[in-house]
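The values are calculated or read from the model by the stated rules, or taken from the named source; none is laboratory data. From a predicted model like this one, the values you see are computed outputs, not experimental measurements. A quick note on method: Cβ atoms are made from the backbone with ideal geometry, for glycine too, and the neighbour counts reach across all protein chains shown.
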């Protein structure tokens, strides 16, 4: 990730810890498994689902969490910054991330269909351009 020139967190109008967490999400995205609703209770492994209420998952430092939304982008960002599961849940569900709302809750997208690769592409586009554009980025991803 160090070879990329990301916009500064101030230019993106987000907190530094959110910026750090989005970069950590990019680094981990290739290792994340897209868990569908039928696979709600994985006992181990890193996983991602933008919309399903996750119950158990293991973050790369080995802790097992029991949570409601921490398998999404915002949950990963919060947990990568050392928040507890309750703090991550509160961060994601109480709109504390105002500027990132469309990143965490994309309009006109069926959340469960978003793969970690697609989510990472949207995060990358945001960090490089400041634009959150799910439609365009997902369309480009599917062409490749």
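Helices (runs of 4 or more DSSP H) fully within the stretch 97-144 that include at least 2 residues being within 21 Å of residue 5 (Cα to Cα): 116-129, 134-143.
If the condition is being outside any helix (DSSP H, G or I) and in contact with a helix residue (DSSP H, G or I) (Cβ under 8 Å, 6 or more places away or on another chain), then the stretch 73-96 contributes 81, 83, 95, 96. Taking the listed residues 72, 67, the one that is more than 19 Å from residue 127 (Cβ to Cβ) and either surrounded by 19 or more Cβ atoms within 10 Å (Cβ to Cβ) or modelled with pLDDT of 65 or more (or both) is 67, with no other qualifying.
The numbered conditions (1) modelled with pLDDT of 85 or more; (2) buried (at least 21 other Cβ atoms within 10 Å of the Cβ); (3) over 24 Å from residue 10 (Cβ atoms) are all true for residue 117 except (2). Here residue 140 meets the list (1) touching a residue at least 60 places away in the same chain (Cβ under 8 Å); (2) farther than 22 Å from residue 16 by Cβ; (3) more than 12 Å from the chain's Cα centre (by Cα) almost entirely, failing just condition (1). Of all residues in the stretch 85-114, how many are touching a residue at least 24 places away in the same chain (Cβ under 8 Å) and buried (at least 17 other Cβ atoms within 10 Å of the Cβ)? The total comes to 7.
A single member of 82, 62 is modelled with pLDDT under 85 and surrounded by fewer than 18 Cβ atoms within 10 Å (Cβ to Cβ), and it is 62.
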